[in-house]
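Below you'll find the structure, written out as structure tokens, and then a few comments.
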Amino acid sequence: MSVLEAIIIAIVEGITEFLPISSTGHMIITQKILGMESNEFIKAFTVNIQFGAILSVIVLYRKRFFQSLDFYYKLAVACLPLILAFLLDKWIDMMLESVVVVAIALLVGGVILLFVDKWFKADEDGAEQPMTYKNAFLIGLIQIISVIPGVSRSAATIIGGMSQKLTRKRAAEFSFFLAVPTMFAASAFKLLEQYKTFQPEHIHILAIGNVVAFIVAMIAIKSFIAFLTRHGFKLFGYYRIALGALILILLALGYDLSMA
């Protein structure tokens, strides 16, 4: 992986990580467009540049992130279902090489986003309902679906929050907060698993990727919250459907989109 490739992928990560369009799916597609062959370092890179995105949440929401112990207890409860994700690590790695899985997940998720605002209506201007431990656990449970590339962790957790009567904005913000322990755990696990195989240039590339992902994610989060509050999810749904359909059409026409 070259420095330029790392920067491009990090930009894609920063833009898409907190949008309901699947950062993993977009990074897989980007790797294919760049002509990159999948290997263990590239897989580790796409997971570990999430550290930069995590830091953007902590910086942007520093006043709200460092709050009561009750807030952290609820985040911990929401993270409990992640144990299952770690048990599925090898299966997830295999799916990370499949553009077909990404395309189907984008399509299905896109259709859901077209209707989610009607399915889970909340009073966007009214008083917020308090977050309960049950709410937090159910959101965390729904998050497990996002281990499938193309589903989107952000989409799963925001929809999960809306299903628990949270407003779009509050559901999105809880999704951001939940991303910190979730993505930290996934990134740390992958780093500990792979760091012995890293070469000196790998560390350099990871550092650059994380810095770029941090800067881009800061901008993306601010823009996303403003757009989501005003317009909802439909545009993201149409985008996902169009992209998923395009991938399947290209596959049907015989284009080689495999990551091998």
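Tell me, yes or no, whether the stretch 65-76 has at least one residue that is touching a Gly at 6+ places or on another chain (Cβ under 7 Å), among the small types (Gly, Ala, Ser) and part of a helix (DSSP H, G or I). Steps first, answer last, please.
The initial filter retains those residues of the stretch 65-76 that are touching a Gly at 6+ places or on another chain (Cβ under 7 Å), namely none.
Scanning the stretch 65-76 turns up no residue that is touching a Gly at 6+ places or on another chain (Cβ under 7 Å), among the small types (Gly, Ala, Ser) and part of a helix (DSSP H, G or I).
Taken over the stretch 26-64, residues that are assigned to a helix (DSSP H, G or I) and small (Gly, Ala, Ser) amount to 4.
Out of Ile225, Ile249, report the one residue that is over 22 Å from Asn48 (Cα atoms), surrounded by fewer than 23 Cβ atoms within 10 Å (Cβ to Cβ) and under 16 Å from the mean Cα position of the chain (by Cα).
When all the criteria are applied, what remains is Ile225.
Taking the criterion of being surrounded by fewer than 21 Cβ atoms within 10 Å (Cβ to Cβ) and either of a type outside the set (Gly, Ala, Ser) or within 16 Å of Ile58 (Cβ to Cβ) (or both), the residues of the stretch 229-242 that qualify are Thr229, Arg230, His231, Lys234, Leu235, Tyr238, Tyr239, Ile241.
Of the residues making up the stretch 162-202, those that are farther than 21 Å from Ala53 by Cα and either assigned to a helix (DSSP H, G or I) or of a type in the set (Val, Ile, Thr) (or both) number 7. In the stretch 176-221, which residues are of a type outside the set (Phe, Trp, Tyr), under 16 Å from the mean Cα position of the chain (by Cα) and closer than 14 Å to Phe18 by Cα? Residues satisfying the conditions are Leu178, Ala179, Val180, Thr182, Met183, Ala213, Val216, Ala217, Met218, Ile219, Ala220, Ile221.
Could you tell me which residue of the stretch 1-25 is nearest to Ile241 (Cα to Cα), considering only residues that are assigned to a helix (DSSP H, G or I) and at pLDDT below 85?
Of all residues in the stretch 1-25, those assigned to a helix (DSSP H, G or I) come to 3-16, 23-25.
Cutting the leftovers down to at pLDDT below 85 gives us 23-25.
On the way: Ser23: 15, Thr24: 16, Gly25: 13 Å.
Filtering first and then ranking leaves Gly25.
In the set (1) of a type outside the set (Asp, Glu); (2) buried (at least 17 other Cβ atoms within 10 Å of the Cβ); (3) in contact (Cβ under 8 Å) with a residue 40 or more places away in the chain, Phe184 fails one condition alone, (2). Within the stretch 51-76, the residues that satisfy the criterion of being of a type outside the set (Ser, Thr, Tyr) and exposed (fewer than 12 other Cβ atoms within 10 Å of the Cβ) are Arg62, Lys63, Arg64, Phe66, Gln67, Leu69, Asp70.
Would you pick out the residues in the stretch 228-241 that are touching a residue at least 12 places away in the same chain (Cβ under 8 Å) and over 17 Å from the mean Cα position of the chain (by Cα)?
Quick first cut of the stretch 228-241, residues touching a residue at least 12 places away in the same chain (Cβ under 8 Å) only: 228-229, 232-234, 236-241.
Of everything in the stretch 228-241, those that are touching a residue at least 12 places away in the same chain (Cβ under 8 Å) and over 17 Å from the mean Cα position of the chain (by Cα) turn out to be Thr229, Gly232, Lys234, Tyr238, Ile241.
Residues in the stretch 20-47 that are in contact (Cβ under 8 Å) with a residue 60 or more places away in the chain and either buried (at least 23 other Cβ atoms within 10 Å of the Cβ) or of a type in the set (Val, Ile, Thr) (or both): Pro20, Ile21, Ser22, Ser23, Thr24, Gly25, Ile28, Ile29, Gln31, Phe45, Val47.
The values are calculated or read from the model by the stated rules, or taken from the named source; none is laboratory data. Small disclaimer: the values here were computed from a predicted structure and weren't measured. FYI the Cβ positions are ideal-geometry reconstructions off the backbone, even for glycines, and counts take in every protein chain you see.
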